[in-house]
Amino acid sequence: MAVYIVLLGPPGAGKGTQAQLIAQKYGLMHVSSGDLFRENLKNETELGKLAQTFMQRGELVPDDVTIAMVRERLGRPDCQKGALLDGFPRTPTQAQALAQMLQEFNAAVSVVPYIAVPEEVLVERLSGRWTCRKNGHVFHEKYNPPTAVGVCDYDGSELYQRDDDLPATVKNRIKVYQEQTAPLIQYYRENGLLVEVDGTKPIDQVTNALLQAIEKAA
Ligand code: AP5
């Protein structure tokens, strides 16, 4: 049966960092709604142009377009074994849509690891983040520096700082998270799927805690 893992956590909690490691370990596709929007933006699609207007303000892209985009991605053959979802769902409506689309695939969410990190840590993490242009690999100038400044260790592409990591936008992203996404913690806890992991620990310790939580739930 296909496995669907939903990584939950505030902006900067380490979802993207951990998703890449975990997806590789279990041979699952890493499906990041933020990466899908950024890919559309790079390719100058209509969806990318629409998403940009919301992303640059730190607001959520409307549910209907986001759900349609993720549905299309999960329906592709490379997601037949399941997926590691990063950044989706982000609202109760998206969570219900995910449950429904997985039901259509004869599957369900397997586990929801929640990476808990306090707000003051998030701002520092996002202001020091560098992302690779080619494949979205993530670094931090202090906590996870690349071997050569400005160059991705994995694919040699250029590292850049995201537009929405500006302090004012980060503040709004955290506010939006608290208002619209944090209710999912309780939603998945009530469904018996939530496993909380301390995201303030070093990256490798968070990975180990997540792997243990996933193994236990599987
Ligand atoms: P998205 O791209 O999903 O951004 P996000 O959720 O805000 O999360 P981030 O990517 O900023 O953080 P992360 O948790 O992945 O942390 P990372 O691993 O990079 O969304 C962007 C925008 O797209 C949204 O604002 C919205 O507009 C739109 N969008 C996306 N999905 C949507 C949806 N479903 N519905 C509607 N709109 C949507 O780590 C951060 C930094 O910390 C890195 O530098 C990393 O090296 C470092 N780090 C990681 N772990 C540790 C650690 N343990 N210790 C020290 N440093 C660490």
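What follows is calculated from the coordinates using simple rules that are stated; it is not laboratory data. Owing to the predicted nature of the structure, the values given are computational and were not obtained by experimental measurement. Counting neighbours? That spans all protein chains shown, and the Cβs are built from the backbone with ideal geometry, glycine included.
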Problem - One residue from L98, L60 being buried (at least 17 other Cβ atoms within 10 Å of the Cβ), touching a residue at least 12 places away in the same chain (Cβ under 8 Å) and in a loop (DSSP other than H, G, I, E, B) - result: L60
Practice task
Pick out the one residue from V70, V31 that is hydrophobic (A, V, I, L, M, F, W, C), without any contact (Cβ under 8 Å) to a residue 40 or more places away in the chain and in contact with a strand residue (DSSP E or B) (Cβ under 9 Å, 6 or more places away or on another chain).
Solution key: V70
Problem - Matching residues in the stretch 166-218 - criterion: being farther than 27 Å from F139 by Cβ and among the aromatic types (F, W, Y) - result: Y187, Y188
Fill in the blank from the handout: Just one listed residue, out of Y154, Y188, is part of a helix (DSSP H, G or I) and either touching a residue at least 12 places away in the same chain (Cβ under 8 Å) or touching a Ser or Thr at 6+ places or on another chain (Cβ under 9 Å) (or both), and it is Y188
Problem - Hits in the stretch 27-53 - residues which are more than 10 Å from the ligand (Cβ to nearest atom), over 19 Å from P77 (Cα atoms) and either of a type in the set (K, R) or in contact with an Asp or Glu (Cβ under 7 Å, 6 or more places away or on another chain) (or both) - result: K42, K49
Exercise for the section: For the stretch 69-83, state whether one or more residues are of a type outside the set (K, R), within 23 Å of D165 (Cβ to Cβ) and in a strand (DSSP E or B). Expected result: no
Handout entry: Residue among T17, T66 that alone is farther than 24 Å from H140 by Cβ and either in a helix (DSSP H, G or I) or in contact with a Ser or Thr (Cβ under 8 Å, 6 or more places away or on another chain) (or both)
Key = T66
Fill in the blank from the handout: Exactly one of V149, V197, V206 is part of a loop (DSSP other than H, G, I, E, B) and of a type in the set (A, V, I, L, M), and that one is V149
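A quick yes/no check of all residues on (1) more than 12 Å from the ligand (Cβ to nearest atom); (2) loosely packed, with under 12 Cβ neighbours inside 10 Å:
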{"position": "K142", "(1), (2)": "no, yes"}
{"position": "P146", "(1), (2)": "no, no"}
{"position": "R162", "(1), (2)": "no, no"}
{"position": "P183", "(1), (2)": "yes, no"}
{"position": "Q186", "(1), (2)": "yes, yes"}
{"position": "K201", "(1), (2)": "no, no"}
{"position": "I214", "(1), (2)": "yes, no"}
